[in-house]
Amino acid sequence: MAANRRDFIKLSALTLGLSLIDYPLYGRTNNWIKTLNSEKSVMKLSFSPYNLLLKHVFTVASNSRTTTPVVLTQIEYQGLVGYGEASMPPYLGETQESVVKFLQKVDLSKFANPFELDEIMLYIEKIDKNNTAAKASVDIALHDLLGKILQQPLYKLWGLNPQKTPNTSFTIGIDTPEVVIEKVKETQNEFKILKVKLGKNSDKEMINAIRSVSDVPLCVDVNQGWSDKYQALDMINWLHEKNVVFVEQPMPKEKLDDMAWLTQHSPLPTIADESVQRITDIKNLYQVFSGINIKLMKCGGLREAYNMMNVAKALEMKVMIGCMTETSCAVTAAAQLSPMADWADLDGNLLIKNDRYNGLKIIEGKVTLPTLPGIGVKPQKQQS
Ligand code: MG
């Protein structure tokens, strides 16, 4: 970590042509990196790397971790500030370095105002391929600005009913039965649905442990952990008897033929997560999965997520809105779209102990949107 951090600071200083700034990757950070053109630009983009500290070690089928790197962004325009965020879980290939490098190329001075959102995002898209978290960090800040200029929360601008937000699931990572039971006891009154990570060798043990103390509805996320479609179907039939609502990404993302067979035979809806990233992926998943899990960091932000929701709905596919481990900034932005979703998995901010924003609330398990304009967040006061 120390070496990476040193390299990163060196890289940032080189890239930015700045003298060395000590980026406080943990805790407080005031050193916002301004883009070189920012002084003459109408919209001023700045960004700051930040490391999220997880409350508990988080284990899924492929890895365990205790931190998640993010980059926080701000776009200033006529005295207003739009907030955004890029979150980089290790498996998606982006890093604080790559996000800083990408954002350094962004020149908003060629655009008159944030209402040119569509053209701005087409321009952002063309800067480089991939880099979807970096792109999302600009998209979210621009949407926040739009709402603030119009003094309306985003859900209103989309014509969505804030009463129609779904319950959010809360995620239980892979762990020993004792720990799983403890976590379920802690959370079952607060959440109306729990998400259980499966895909290692303890699937039935995990579910049986939960069912020994709770009958709360469950959804399961296998994170590509089952490789044989017949065994997968056996497991899904068994889960169906255990009050499981749907199964997320049961098989490796490229096994679409096996997945189509599984979906056809499955008594539970199947939801694509790793198999779907952007809007262009949806056509390949029609009749392969029952639905898709949309995340801002995978698809490049709210603009594309909104379009993906409409495409999926037109194909009569189920829609889930999810998140990465993120501050309340990106989670609340995603929550603005949640009235369109069948299910929400918006617990990323609840898994960290150093959030930087106040935003959505979970009240009796339900996503509850702030009435503030834009994405609906306020920065937390920083302790000195
Ligand atoms: Mg998933």
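What to note about this one:
- Here Ala209 meets the list (1) within 16 Å of the ligand (Cβ to nearest atom); (2) within 23 Å of Phe191 (Cα to Cα); (3) small (Gly, Ala, Ser) almost entirely, failing just condition (1).
- The residues on offer are Asp139, Asp144, and the sole one that is buried (at least 17 other Cβ atoms within 10 Å of the Cβ), touching a Gly at 6+ places or on another chain (Cβ under 6 Å) and under 22 Å from Val276 (Cβ atoms) is Asp139.
- Neighbours by Cβ (under 6 Å, 6+ apart or cross-chain): first from the stretch 344-357, within 16 Å of the ligand (Cβ to nearest atom); second assigned to a loop (DSSP other than H, G, I, E, B) and not acidic (Asp, Glu): Ala344/Pro166; Leu346/Cys323; Gly348/Cys323; Gly348/Met324; Gly348/Thr325; Leu351/Thr325
- Selected residue [surrounded by 21 or more Cβ atoms within 10 Å (Cβ to Cβ) and more than 12 Å from the chain's Cα centre (by Cα)] from Val331, Val377, Val311: Val377
- Residue selected from the stretch 318-329 under the condition within 16 Å of the ligand (Cβ to nearest atom) and touching a helix residue (DSSP H, G or I) at 6+ places or on another chain (Cβ under 6 Å), by the criterion farthest from Lys353 (Cα to Cα): Val319
- Taking the stretch 243-291 as the range and being over 23 Å from Val196 (Cβ atoms) and among the basic types (Lys, Arg) as the test, the residues that pass are Arg278, Lys283.
- Qualifying residue in the stretch 186-206 (condition: under 24 Å from Met309 (Cβ atoms), touching a residue at least 60 places away in the same chain (Cβ under 8 Å) and more than 16 Å from the ligand (Cβ to nearest atom)): yes
- Subset of the stretch 73-106 (residues that are in contact with a helix residue (DSSP H, G or I) (Cβ under 6 Å, 6 or more places away or on another chain), over 11 Å from Phe47 (Cα atoms) and of a type in the set (S, T, N, Q)): Ser87
- Residue within the stretch 322-345 that is modelled with pLDDT of 95 or more, closer than 24 Å to Lys197 by Cα and aromatic (Phe, Trp, Tyr) present: yes
Residue-by-condition table, conditions (1) modelled with pLDDT of 95 or more; (2) of a type in the set (A, V, I, L, M, F, W, C); (3) outside the structural domain of Glu274 (by TED's automatic domain parsing):
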| residue | (1), (2), (3) |
| --- | --- |
| Tyr26 | no, no, yes |
| Thr29 | no, no, yes |
| Ser38 | no, no, yes |
| Ser48 | yes, no, yes |
| Val81 | yes, yes, yes |
| Glu85 | yes, no, yes |
| Gly93 | no, no, yes |
| Val99 | yes, yes, yes |
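- Those residues of the stretch 263-292 which are in contact (Cβ under 8 Å) with a residue 40 or more places away in the chain, within 15 Å of the ligand (Cβ to nearest atom) and surrounded by fewer than 24 Cβ atoms within 10 Å (Cβ to Cβ), in sequence order: Pro269, Asp273, Glu274, Gln277, Ser290
- Within the stretch 211-237, the set of residues being out of contact with any Asp or Glu (no Cβ under 9 Å at 6 or more places or on another chain), in a helix (DSSP H, G or I) and touching a residue at least 24 places away in the same chain (Cβ under 8 Å) comprises Arg211, Leu233, Ile236, Asn237.
The values are calculated or read from the model by the stated rules, or taken from the named source; none is laboratory data. Quantities reported herein were computed from a predicted structural model and do not represent experimental measurements. Reconstructed Cβ throughout: ideal geometry from the backbone, glycine too, with neighbour counts over all protein chains shown.
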